[in-house]
Amino acid sequence: MIPAGTQPAVSLIDVATYLPENRVPAEWYTRYSDTDDLRDNPMFRPPDHRHHAADDESNVDMIQRAVEALVARHGADVLSEVDVLLTHSQLPDLPILGAGGEVAKRLGINPEWIIDVHNGGCAAFVLMLKLARQMLAGGAGRTALIAVAQNAAGKIFEQDQVRKLAQASVPGDGAAVGLVTLSDDSPVLDIECRYFGENAADMTLAADPARRWWEAGPGQGYVGFNEGKIIKVLARGNRQVPQVVRAVCDRIGVKPGDLDLLVTNQPNRLLLRNWNEALGLSPERHRDTFHECGNLFAVAIPVNLEAAVLDGHIATGDIVMMAGFAHAGDFAGAAAIRWGGTRK
């Protein structure tokens, strides 16, 4: 591990995102949800819209489309410079195989490092940024490409049995990539990652009739939620995200209320509001796209960052905090950058 104070500067130069063409309104869910006891739970209050991947649209397809936007701004040569490729698929297209190898083939690159990062969940972008930063600073190369994809909405939650459940009301699909370089153009200031293994077993899959996920059967798989578990997850999210944000703020010498921009994962409107209040931030400085995209899982942080750039909510020199928590609260992370405004 590189001693504090001697680590070379590593920057998040740019992010690029992709949202599927199929834009789904809230009515897609609400007209089927009459019988679910969790329908009125604030955890599952539906967004106005979200995007669903096509049935034949894979994680790699979506990542490739996000990369196209990156190449359009930086030129095709940017891919030839990639030494490290990190990928995270919220719903792997094959349970045994990550997306990294196929992504590299599609992009025509041959990085020295290809790593599929399975954990991190909705905060995976922060975890992958920490990995990329450590690897580049440790001599693994000069450029990393980090890629996240989520396509569970158009796969899991469009199933006829699952569509009737309250949890089907919020997930949306998309993909995003981040370009990380050994430079001080848009430097990563600090990162905090915390693991809560005691909560990992609370994330479960269910089916009716019950079966294990690899077993054939008539019941379609979905996330196992009940009122008690929802209360626990909301409490953990309310606590964990402000904790990791404050930890980073303390080390970089900035009060949470003075951050120029906060971008987070976006499970629901309730947590977005609670994080604003806990950190003393106005909604204008916490950019989200929940009304348009729903719960994007790991893709939310980079999508919200790009939305802030496009909206003009972030200027050169601004301190941006990225934060989130994962699954049922087994991981949380926050990362601060000083935005360099280097998009072309």
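Points to keep in mind about this one:
- Principal semi-axes of the equivalent ellipsoid, √(5λ) from the alpha carbon gyration tensor of the range 255-312, are 17, 14, 9 Å from largest down.
- Within the same chain, lysines fewer than 8 places from residue 255 are excluded, and of the rest, those with a Cα less than 25 Å from its Cα are 130.
- Partner lysines whose Cα lies under 23 Å from the Cα of residue 164, excluding those fewer than 8 positions away in the same chain, are identified as 155, 229.
- DSSP bridge pairs, the chain: antiparallel proportion in percent, nearest 5: 70 percent
- In this Cβ point-charge picture (+1 for Lys and Arg, -1 for Asp and Glu), the range 101-192 has a dipole of about 220 debye about its Cα centre.
- The range 145-227 - Rg and Dmax from Cα coordinates, angstrom: 18.1, 55
- Gaussian network model of the chain, Cα within-10 Å springs - most flexible of 61, 190, 250: 250
- Couplings 3J(HN,Hα) of the range 45-55, computed from phi: 6, x, x, 5, 8, 7, 10, 10, 5, 5, 4 Hz, in residue order, whole Hz [Karplus 6.51 cos²θ - 1.76 cosθ + 1.60, θ = phi - 60°; x for Gly and Pro].
- Integer Hz, Karplus 6.51/-1.76/1.60 couplings in order for the range 258-265, x for Gly and Pro: 9, 4, 6, 7, 10, 10, 9, 5
- For the chain, the longest piece that avoids every one of the chymotrypsin sites (Phe, Trp or Tyr not before Pro) found in DSSP loops with at most 14 other C-beta atoms within 10 Å covers 1-212.
- Each listed q (0.17, 0.23, 0.26 Å⁻¹) maps to a log10 I(q)/I(0) for the range 36-93 from the Debye sum over equal C-alpha point scatterers, namely -0.80, -1.04, -1.11.
- If you bin all the Cα-Cα distances of the chain at 10 Å, starting from zero, the percentages per bin are 6, 27, 36, 23, 8, 1.
- Across the range 119-124, rounded Karplus estimates of 3J(HN,Hα) from the backbone phi angles (6.51 cos²θ - 1.76 cosθ + 1.60, θ = phi - 60°) give 8, x, x, 5, 10, 4 Hz, Gly and Pro being marked x.
- List 320, 309, ordered by accessible area with a 1.4 Å probe, largest first: 309, 320
- Remark: the residue 226-residue 292 segment gains 21.1 nm on full extension, using 0.36 nm per residue and subtracting the alpha carbon distance.
- A straight line joining the Cα centroids of the range 37-92 and the range 162-180 runs 9 Å.
- Within the accessible area of the chain, the carbon and sulfur atoms contribute 51%, probe 1.4 Å, all protein chains present.
- Projecting the Cα positions of 179, 209, 144 onto the charge dipole of the range 141-218 (unit charges on Cβ atoms of Lys, Arg, Asp and Glu, taken about the Cα centre) puts 209 furthest along the positive direction.
- Gained length - residue 21 relative to residue 201, 0.36 nm times residue gap less alpha-carbon distance: 61.3 nm
- Other residues within the sphere of radius under 14 Å centred on the Cβ of residue 271, judged by their own Cβ, net out at +4 (K and R +1, D and E -1).
- Between residue 68 and residue 113, the simple label model (points 7 Å from Cα in the Cβ direction) yields a spacing of 3.0 nm.
- Shown here are the Rg and Dmax of the Cα trace of the range 209-329, at 16.9, 55 Å.
- Solvent-accessible area per residue for the chain (1.4 angstrom probe, square angstrom): 42 Å²
- Once each of the GluC sites (Glu not before Pro) sitting in a DSSP loop with at most 16 other beta-carbon atoms within 10 Å is removed, the chain keeps 216-344 as its longest stretch.
- For the range 16-145, the convex hull spanned by the alpha carbon atoms encloses 144 Å³ per residue.
- A convex hull fitted to the Cα coordinates of the range 92-154 yields 96 cubic angstrom per residue.
The values are calculated or read from the model by the stated rules, or taken from the named source; none is laboratory data. Everything quoted here is computed from the prediction, not taken from an experiment. Here Cβ is always computed from backbone atoms with ideal geometry, including for glycine, and neighbour counts include all displayed protein chains. For accessibility, only protein heavy atoms count, side chains too; no ligands or nucleic acids. Shrake-Rupley method; radii C 1.70, N 1.55, O 1.52, S 1.80 Å.
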